[in-house]
Each structure stands twice: as C-alpha cells, then as structure tokens.
C-alpha cells in the first residue's frame, strides 16, 4: 500500500492511497469462493458449481464489494500509518478503478487540531460569596405562598392581582382579527399576559360590566400585521375573584413534603434547599467564567465537520423542545453555528486540559455529587442506589465531576477575586449580552 499526504489547509488533508492489484484480486477471489459454497445454479449441486460459472455470474458484484471494503480498511490503515486523527468521514474520489490494475483513490478529510492549552494565569475570575439570611428565607416563604395562591369570589370592583373571567372581541380598523376573541378566559390583572394597556383598563371594572378599551399592539409584536396598530376590545367581565394567600400551617407544609417540625422544620427545609441552590449558582458562574477564559486564551481552528455535527444535534434538540411539525433540517444552520462552534472548541480545550493534567474523575466527588442531587428527594438512599446501578447516569455524573476538576485546576493558577454579595444577587441568572 502506497500513501502520500498533502495539507490543503490548517486542518484539511488530501491523502492519496494506492492498493496493489494482487491485494484486490485476493479479496475478490475470497468473496467468489464464499459465494461458490452457497450459490444455487440450475444444473449443479450446491457447492459443486464450477468456478468459471461462479466468476461469470458473480464477479462484478464481488469486485464492487471488495473495492468498497478495501477503500474503508486501507483508509484506516493509512491514517494509523501516517499518525493522523480524522475528525470526520472522508470524501473519497477514485483515481484509478480499472480491472487488472492497482486501485488508487484520494481521501479528503479534516483532522483534529494539535495544540497545548495555555494562559491559565491570564484568566480573571470573580467568585461570589454569599449566605442565606433569615430575611432571605422570609422572602422565599412569601414566594411559595404566592405560588400557591387561591382565588375566591369577590363582590367588589376589580383590583390589580384579581383573577377575572372575561369574554372579549378585538378589532383593528373596524375588522375582527384572528386570535382576537375569546370566551371564559381567566386573566390575572397585572400578570402582563395581554398587550400593554389591556389589563390596566380593566382595573375598577365590576362583574357583569362591559367595557370598550383601546390598547395598542407593541411595535415589535410577533404578528407583523398587528404590530404598532391601535385596537378596540369589547370586554365583558363575567366574574371577579380575589387572591387568598395560604396560611403557613401544617397543610401548607405538607404540600412540600414536610410533615414534621411545624414552621421551624419547614423553614429549615427551605433554607437547606436555598443553600443548595446558592452553591450551585456560585459554582455555575465560576465555571462559566473559567470556560470563557479558556476560550479567550486558546483560540483554535476547529474542523467544520465537528461544527456541522453539533449544529445538527442542536437542531434536533430545538425540535424536541418546541415541538411542532418542523423537521430538524428545516431550521437554518446559521441559527446554531455560533453556539455549536463554542461547544466544539470548549470540548476540545477541556479534553486537552484533562489530557495535559492527567485528570481522572474523583470517586469521592462523584459520590458527593450524587448525594447532593439525591438530597432533594424524599428517599435519597434509593436515588443514590439507582445512580450506582445505571451506567449511563454514572458516566454523565463522572463527566460533570471531571469538568469541575478542570475548573479547579484552572482556578489554582487564575486570578481569583472574592466578592461578597447578597443571596439574591448570587442566585440571579447572568443576563445574556445584548446584540449590537
């Protein structure tokens, strides 16, 4: 086998492979002999068909099969010989494909980039420090009460926060429009569910009252035919219900699985959950900064094939998440290219850190992470046992732990500044940057 390799770009390789006619004929004859043992030809007993007849009937198919298999096997032999690491399937172009002659083909493919991760000491990290204060627990209790609000009929004018049952008919330029009418709709005033001006205009309305209101559709409204236009809605208020917050009693605590300890026991459980959320939030923000820093310090070119594969995975995820009748390939690739490239680059950089620093998942940290996740369930021991019986889940946890060990490795050399903040600021999601 003869092999020559040409670099056509930083990552693309053009490899020419020659396979001797003797090797080709050996493979063809091997397939013909296998065929002869099972071929059924009229006038001959199975296994007794002359090779000349077998060759006449089956040689073309045997040759095509042999050539296909030889291209596949010799390609992998060649990349091993040349110490190449393909990042995707090759595009194969036959150059010489004639019977009785050597086979020669050209395989074009991309390789994984070779690089050394550096720049740990140039990465700046702001690590938040926070505690769960009693006032934070008080605020969380109020949030939980509001999430479990009940509505009871009220014989008064509607106030912000009330739940109204309404019928409405909407018109633009005197004409009804699709989706502009409904009956028996439940609407909480102040929820922001309707367009600006709609809910505000119903404050003060009474059950049985009909109001004509004139809100305007926002300029950026998703339906471009309605965007920026003034509307007229005729709204009938069928009923009004006022919000009633549940009391902090045993019935309320039982909704969250707390059956003992009263208010203090419930507060302790809420605090424990908040502390877990706080740890995860701080850890996540540090990790994001580390990953951003690794990206900035290690700009590398990545194979297009890997980005394409990641784009396709993101397309499938989007369709699964949002449903509908769309097929993944109908979603424009450019919607996912930036995210796909980031994932691919980070995957390669993180893998190289693991390799350079000879990191392996720490078994103690794996168990600690599983126990942390299990603590959110009523039967944590059963959850831990389930993880250790599920290889796929265990591998996912090991992967997360390994990423955490990468973060810890970077933090040892990075410029880390601790910043004391409130619980609310620590758990607040990081806002995505605005597009220019």
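The values are calculated or read from the model by the stated rules, or taken from the named source; none is laboratory data. Worth saying up front: this structure is predicted, and the values here are computed from it rather than measured. Glycine also receives a Cβ, built like all others from the backbone with ideal geometry; neighbour counts cover every protein chain displayed.
Here the condition is being over 30 Å from residue 353 (Cβ atoms) and touching a residue at least 60 places away in the same chain (Cβ under 8 Å); of 102, 60, it holds for 102 alone. Every condition in (1) closer than 23 Å to residue 248 by Cα; (2) in a loop (DSSP other than H, G, I, E, B) is met by residue 159 except one, and the failing one is (1).
Here are some residues: 168, 177, 233, 198. Which one is over 30 Å from residue 378 (Cα atoms), outside the structural domain of residue 375 (by TED's automatic domain parsing) and over 40 Å from the mean Cα position of the chain (by Cα)?
Details: 168 fails: over 40 Å from the mean Cα position of the chain (by Cα); 177 fails: over 40 Å from the mean Cα position of the chain (by Cα); 198 fails: over 40 Å from the mean Cα position of the chain (by Cα).
None of the others qualify; the one that does is 233.
Here the condition is being in the same structural domain as residue 396 (by TED's automatic domain parsing) and under 14 Å from residue 403 (Cβ atoms); of 353, 319, it holds for 353 alone.
Listed by position, the helices (runs of 4 or more DSSP H) inside the range 319-436 whose residues that are in contact (Cβ under 8 Å) with a residue 40 or more places away in the chain, under 30 Å from residue 135 (Cβ atoms) and out of contact with any helix residue (DSSP H, G or I) (no Cβ under 6 Å at 6 or more places or on another chain) number at least 2 are 423-427.
With the requirement that a residue be surrounded by 14 or more Cβ atoms within 10 Å (Cβ to Cβ) and not in a helix (DSSP H, G or I), what does the range 111-132 give you? Result: 111, 112, 113, 117, 119, 123, 125, 127, 128, 130, 132.
Looking only at residues of the range 187-210 that are surrounded by fewer than 16 Cβ atoms within 10 Å (Cβ to Cβ) and in contact with a strand residue (DSSP E or B) (Cβ under 6 Å, 6 or more places away or on another chain), we find that the one that is nearest to residue 227 (Cα to Cα) is 210. Please go through (1) buried (at least 17 other Cβ atoms within 10 Å of the Cβ); (2) touching a helix residue (DSSP H, G or I) at 6+ places or on another chain (Cβ under 6 Å); (3) in a strand (DSSP E or B) for residue 151 and return the number of the only condition it doesn't satisfy. For residue 151, the failing item is (2).
Given the structure, is residue 243 assigned to a loop (DSSP other than H, G, I, E, B) and within 41 Å of the chain's Cα centre (by Cα)? Outline the logic, then answer.
On the way: assigned to a loop (DSSP other than H, G, I, E, B): no; within 41 Å of the chain's Cα centre (by Cα): yes.
So residue 243 does not fit the description; no.
Considering only residues in the range 2-25 that are in a loop (DSSP other than H, G, I, E, B) and touching a strand residue (DSSP E or B) at 6+ places or on another chain (Cβ under 6 Å), the one that is surrounded by the fewest Cβ atoms within 10 Å (Cβ to Cβ) turns out to be 8. Annotation: of all residues in the range 160-186 being surrounded by fewer than 12 Cβ atoms within 10 Å (Cβ to Cβ) and at negative phi, the one that is modelled with the lowest pLDDT is 178. Checking residue 273 against (1) in a helix (DSSP H, G or I); (2) under 18 Å from residue 151 (Cα atoms), which test does it fail? With respect to (1) in a helix (DSSP H, G or I); (2) under 18 Å from residue 151 (Cα atoms), residue 273 is out only on (2).
Of all the listed residues (270, 286, 258), the sole one being modelled with pLDDT under 95 and either surrounded by 15 or more Cβ atoms within 10 Å (Cβ to Cβ) or touching a helix residue (DSSP H, G or I) at 6+ places or on another chain (Cβ under 7 Å) (or both) is 258. Checked against (1) crowded, with 16+ Cβ neighbours inside 10 Å; (2) more than 30 Å from residue 31 (Cβ to Cβ); (3) outside the structural domain of residue 415 (by TED's automatic domain parsing), residue 86 passes all but a single condition, namely (2).
Comparison of 294, 248, 306 shows that the only residue that is more than 30 Å from residue 181 (Cβ to Cβ), touching a residue at least 60 places away in the same chain (Cβ under 8 Å) and assigned to a loop (DSSP other than H, G, I, E, B) is 248. For the range 343-369, a residue qualifies if it is within 16 Å of residue 291 (Cα to Cα) and exposed (fewer than 15 other Cβ atoms within 10 Å of the Cβ), and the qualifying residues are 347, 351.
Here residue 103 meets each of (1) surrounded by 15 or more Cβ atoms within 10 Å (Cβ to Cβ); (2) more than 39 Å from the chain's Cα centre (by Cα); (3) modelled with pLDDT of 95 or more with one exception, condition (3).
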